[in-house]
Amino acid sequence: KQLQNQLRQAQKMEAIGTLAGGIAHDFNNILAAILGHTELTLMQLDQKDKAQRYLSEVLNASDRAKDLVAQILSFSRQSDSELKPMQISSVIKEALRLIRSTLPTTITIEKNIQDQQSIVVGNATQIHQILMNLCTNAAHAMKGEGGILTVELNAIDIQINAVGQSASYPPSLGPGQYVQLSVIDTGHGIAGH
């Protein structure tokens, strides 16, 4: 179990290393907005309305920087085995914001989140990591040519048919309400054997 935890931590650190370039780029853009709007504010202190508008932009950019740091810290924490209720759509949106900065501009991200409200019991860090890994793999499949990376979240209702099986879902899933996360790319795919 200790080796599994160490391996999981090593994989997370490797993923963070891959993301570091994109994160640094995003963080520099956020800091540029903070600095630029602060400088504009200093030049406009005699015009109160403009100063308030610029300061509001400084606050927005600071909030984005704070969220980015929180994502990195959350992703790198070692104690990630706690399961708790969470709104999965917000975890997906956070991960997609982070992955956008690491992908080439030739790859378009489309998100189709039909199910905004579903609460699942899980671990946000692990779901975040799974989505990051799936998106990174999809990006590798489209490397060079570019393409479209689609992330979908749908509520599904599995029902048992007349034969006693659920159509197109693993038999281990009993009837009930589920949330289905899909990552689809326009890459070359896996060669047939």
Anything in segment 45-60 that is buried (at least 16 other Cβ atoms within 10 Å of the Cβ) and not charged (D, E, K, R)? List them, or say none.
Ala51, Tyr54, Val58
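Yes/no matrix, rows are residues, columns are (1) open to solvent by less than 30 Å² (accessible area, probe 1.4 Å); (2) modelled with pLDDT of 85 or more:
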{"residue": "Asn112", "(1), (2)": "no, yes"}
{"residue": "Ser118", "(1), (2)": "yes, yes"}
{"residue": "Ala124", "(1), (2)": "no, no"}
{"residue": "Leu134", "(1), (2)": "no, yes"}
{"residue": "Glu152", "(1), (2)": "no, yes"}
{"residue": "Ser166", "(1), (2)": "yes, no"}
{"residue": "Gln177", "(1), (2)": "no, yes"}
{"residue": "Leu181", "(1), (2)": "no, yes"}
{"residue": "His188", "(1), (2)": "no, no"}
Right, Ile88: at pLDDT 85 or above and open to solvent by less than 20 Å² (accessible area, probe 1.4 Å) or not?
yes
Of all residues in segment 136-145, which are of a type in the set (Gly, Ala, Ser), open to solvent by less than 60 Å² (accessible area, probe 1.4 Å) and more than 10 Å from Leu103 (Cα to Cα)?
Ala138, Ala141
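The values are calculated or read from the model by the stated rules, or taken from the named source; none is laboratory data. The structure presented is a predicted model; accordingly, all values stated were derived computationally and were not measured. FYI the Cβ positions are ideal-geometry reconstructions off the backbone, even for glycines, and counts take in every protein chain you see. SASA here: full protein model, heavy atoms, side chains in, ligands and nucleic acids out. Shrake-Rupley method; radii C 1.70, N 1.55, O 1.52, S 1.80 Å.
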